[in-house]
Amino acid sequence: MQRTFILLKPDCVQRRLMGQVIARFEAKGLNFVAMRMLQITPELAKKHYAEHVEKGWYPMLEGFITGGPVVAAVVEGLDAVRVVREMLGATNGLQAAPGTIRGDYSSSQQMNLVHGSDSLESAAREIALYFADEQVCSYEPTITKWMHAANE
C-alpha cells in the first residue's frame, strides 16, 4: 500500500465539488486515512510550493491557494501516487481528458481543483507539512477483499 497527499484547492471548495471528488477516489478503492479543512497561510504555501517560490508567477499562485479554505487529505491504496495523478488528469483542465477529475470539472491551468503528490518522496514531504503521524488513521475496510486480490 502507498500513501499519497491530495489537496482540494479553494476552487474545489468554493464550487462545492468536495463530495464528488472524494467519492471518485473512494469508488476507485482508495482509503482516506487523514483529512482536515484549513486556511493555508503564506508561510505554509511557501513550504508546500518551495520549488516555485522564486518563479515570477508564484505570487499569483500564493494568492490563489491562500484565498479560501482547502481540504488536505491522505489517501492510501495500491499504487496510490500514480492512480491519483491519472484520476486527476492533465494539470490544465482544458487539456485534461474527459473522465478525469480536471477533464470533467476544470477549464483552467491554475484553478484545477485538486493537487496530488507527484512521487512517493513528495507525498511524504507534503503529508508531513499537513499532518502529524498520530493524525493518520490507517484501517482496512471490510470491503477490501472485494476490491482487489489478496496478493496484489
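Okay, here's what the table says:
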{"quantity": "Selected residue (criterion: farthest from V84 (Cα to Cα)) from residues of the stretch 109-134 that are in contact (Cβ under 8 Å) with a residue 40 or more places away in the chain and polar (S, T, N, Q)", "calculated": "Q110"}
{"quantity": "Sole exception among (1) modelled with pLDDT under 95; (2) under 15 Å from the mean Cα position of the chain (by Cα) for E51, by number", "calculated": "(2)"}
{"quantity": "Pairs, first touching a residue at least 60 places away in the same chain (Cβ under 8 Å) in the stretch 87-103, second surrounded by 14 or more Cβ atoms within 10 Å (Cβ to Cβ) and among the hydroxyl-bearing types (S, T, Y), C-beta under 7 Å, six or more apart", "calculated": "M87/T100"}
{"quantity": "Scope the stretch 94-114; condition within 18 Å of F64 (Cβ to Cβ), part of a loop (DSSP other than H, G, I, E, B) and of a type outside the set (A, V, I, L, M, F, W, C); matching residues", "calculated": "S106, S107, S108, Q109, Q110, N112"}
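The values are calculated or read from the model by the stated rules, or taken from the named source; none is laboratory data. Worth saying up front: this structure is predicted, and the values here are computed from it rather than measured. A quick note on method: Cβ atoms are made from the backbone with ideal geometry, for glycine too, and the neighbour counts reach across all protein chains shown.
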